[in-house]
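The values are calculated or read from the model by the stated rules, or taken from the named source; none is laboratory data. Predicted model only: the values in this text are computed from it and were never measured. For neighbour counting, all protein chains shown are included, and Cβ atoms are generated from backbone atoms with ideal geometry for every residue, glycine included. Heavy atoms of the whole protein, side chains included, go into the accessibility calculation; ligands, DNA and RNA do not. Shrake-Rupley method; radii C 1.70, N 1.55, O 1.52, S 1.80 Å.
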Amino acid sequence: KWEDANSYPYWSLTLQAQTAALDGKWHKSKDLSNQAAAMVERGGIKGWVARIASREALTGAAFGDCQTAKQKATQALASVNDASYSESAVALAMCGEVSQAQAHMAKLAPLYPNDTRFNGIWLPVIRAAIELHSGQPAQALQLLEPVRRYEAATDFQPQYLRGLAYLRLGQGAEAAAEFQTIIDRHGLYDILGPALYSLAHLGLARASALSGDAMKARKSYQDFFAMWKDADADLPILIEAKKEYEKLK
C-alpha cells in the first residue's frame, strides 16, 4: 500500500484522519489526528503540529464541536507564528471567539504585507467568518467577493461560508450554487481540508428546502445521510440535520 511505503507515517495518519472526518467519524478522526500530532511533536516538527491542529480546529468548527475547535486552534496559533495556519482563526471566529481571531489578524498582517494567499484569501475569510457569527451575512458576502479570483487555490472555505451567508439571507438559489460548486469539484478538493464535501450536500438540502423544492431537499438530505451512515450520532450538525429532515416528511 502507498501508506506502508511512505517514509512519513504521520502524513498517512493525517490523511486517514481527514478521510474519517469526511465520513462523519469525528471521534476516530480526532484520535488519528492526535496520533499524528504526537508523532511529529516527538520529531520536533512544530510546523506540522500546527498544521494538524489547525485543520482539526476548522473541521471541528464546521461540525459544531467548538470545544475541540477552540482547543486545537489555540494550540496551532501558539505553536508557530505563521500565516499558513490562519484556518485556526477562521475556526475561532466560527465558534464565537472573535477577539482571538482579530488578535491573530492584527499580529500577522504586519508580518505578511505582500503575501497574496494571506491577504487575498485568509484575511477576508476570517473577517467574513466574524461577520457571519455577528449576524451580518451581507457584510460577509461583500468581504468574500474579492476572494473569487483566488478560489482555485483554496480548499472551498470561501464557497462554504458564502453558502452559509446566503442561507441566512434566505437566498436559497444563491446558496445552492455555492454548495453545488463544492460538490461538482470534489476531485480537486484538498483531502487535508475540512470535510466540506459531505457538508455541502447538507447545505444543498437546506438551500433547496429554503427555495421550496422539497423533493430535491429530501434527496440531498438522503445523500448526506448515506455518506454519514456510520457517522458519530452525537455530532451537533448531524442532530440538526435529522430534525430538519423529519420536518420535510
Legend entry - Relative contact order (%) - criterion: Cα under 8 Å, at least six apart; region: segment 28-130: 22
Legend entry - Largest-first principal axis extents, alpha carbons of segment 1-76, Å: 35, 28, 13
Inset, instruction - Would you mind working out the accessible area per residue for the chain, using a 1.4 Å probe, and quoting it in Å²? - result: 45
Inset, instruction - Treat each spin label as a single point 7 Å out from the Cα along the C-beta direction, and report the Arg185 to Lys243 distance in nm. - result: 3.3
Inset, instruction - Rounded to whole Hz and in sequence order, give me ³J(HN,Hα) for segment 10-15 from the Karplus expression 6.51 cos²θ - 1.76 cosθ + 1.60, θ = phi - 60°, writing x for Gly and Pro. - result: 5, 5, 4, 4, 5, 4
Legend entry - Where labels lie 7 Å past Cα in the beta-carbon direction, separation of Ala152 and Lys216 in nm: 2.8
Legend entry - Cα centroid separation, segment 106-171 to segment 37-69 (Å): 21
Inset, instruction - Would you kindly find the accessible area of Lys30, with a 1.4 Å probe and non-protein molecules such as ligands, DNA and RNA excluded, rounding to the nearest 10 Å²? - result: 40
Inset, instruction - Take every Cα pair under 8 Å in the chain that's 6+ residues apart, average their separations, divide by the length, and report that relative contact order as a whole percent. - result: 18
Inset, instruction - Considering only Asp234, Asp223, Asp155, give the residue with the highest GNM mean-square fluctuation for the chain, with springs between Cα atoms whenever their separation is below 10 Å. - result: Asp234
Legend entry - Rough spin-label spacing in nm, given labels placed 7 Å along Cα→Cβ, for Arg42 and Asn114: 4.2
Legend entry - Average projection area in nm² (convex hull over Cα atoms of segment 108-176, one quarter of hull surface): 4.6
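Calculate how large, on average over all directions, the projected area of the Cα convex hull of segment 117-249 is; give the answer in nm² to one decimal.
8.1
Quick one: work out Rg over Rh on the C-alpha atoms of the chain, Rh as Kirkwood radius.
The Rg/Rh ratio comes out at 0.96.
Tell me, what is the percent relative contact order of segment 66-205, built from C-alpha pairs under 8 Å that lie six or more residues apart?
Details: 157 pairs, mean separation 22.3, N = 140.
Rounded, it is 16 percent for segment 66-205.
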Legend entry - Under-5 Å amide H pairs with Asp65, H placed in peptide plane, nonlocal only: none
